[in-house]
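Structure first, then comments.
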Amino acid sequence: MVAEFQFNNLLVRPMHDKDQEAVIALRSEKEIMAGLGESSGQYSQAEFLLELANSDEYVITSSAHVIGGVMLNEMAASDGEIDLTGREFSYYLSPLYWGQGIMTNVLKKLIDWILDDGIDHLQAEVFVNNQRSMNLLKRIGFTKDIELFDPISQKNKAIWSFSALNE
């Protein structure tokens, strides 16, 4: 797990149980739920605890208030085993902070640290109507691999990848 880091007036740190209320409120915002492909109307305590237990999760804070987060999950290798050198990730940011370069800076720093920790490739899934997120992935060096239909959300999504081997 990556240690915390600061840039400008923001702190990025590992997520803790004490972040539950703030993360649930943020992840329940309509724009964030749509971007993450969730439509249940409310991100739940059970979902928070499950993700916290099974992912490397980070919060982005401004003046001690949670404004966003990044989740890193294990990936499956082509043989069905856990891919020890890859991670799948998701991210979200309060709409009040969109367009300020915050997520670009956070992801660049996290990727640098992850690569130093033995991970050499990353993957992200983005709904094709989320142009801002796809532009972000392009800016930080990801390439779009494929577009496909997600039967759960009933929307098209794109799978993007990043490889340290191509740098």
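Listing for the model above:
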item: Karplus-derived 3J(HN,Hα), 6.51/-1.76/1.60, for each residue of the range 66-80, Hz, glycine and proline x; result: 6, 10, x, x, 9, 10, 10, 10, 5, 10, 8, 7, 4, 8, x
item: Contact order normalised by residue count of the chain, Cα under 8 Å, 6+ apart, percent; result: 18
item: If the convex hull is drawn through the Cα atoms of the chain, its volume per residue in Å³; result: 124
item: Lysine pairs within the range 9-167, Cα separation less than 25 Å, 8 or more sequence positions apart or different chains; result: 14
item: Top of GLN42, GLN131, GLN154 by mean-square fluctuation, Gaussian network on the chain, Cα under 10 Å; result: GLN154
item: Cβ-based exposure ranking for PHE149, PHE142, PHE5, in which fewest neighbours within 10 Å come first; result: PHE149, PHE5, PHE142
item: Kyte-Doolittle at least 0.5, axis length at least 18 Å by Cα - qualifying DSSP helices, the chain; result: 102-116
item: Packing-based exposure ordering (other Cβ within 10 Å, fewest first) of VAL70, VAL2; result: VAL2, VAL70
item: Neighbour-count ranking [beta-carbon atoms within 10 angstrom, fewest first] of ILE159, ILE111; result: ILE159, ILE111
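Read-outs: derived from the displayed coordinates by stated rules, not from any lab. This one's a predicted model, so the numbers in the text were calculated from it and none came from an experiment. Counting neighbours? That spans all protein chains shown, and the Cβs are built from the backbone with ideal geometry, glycine included.
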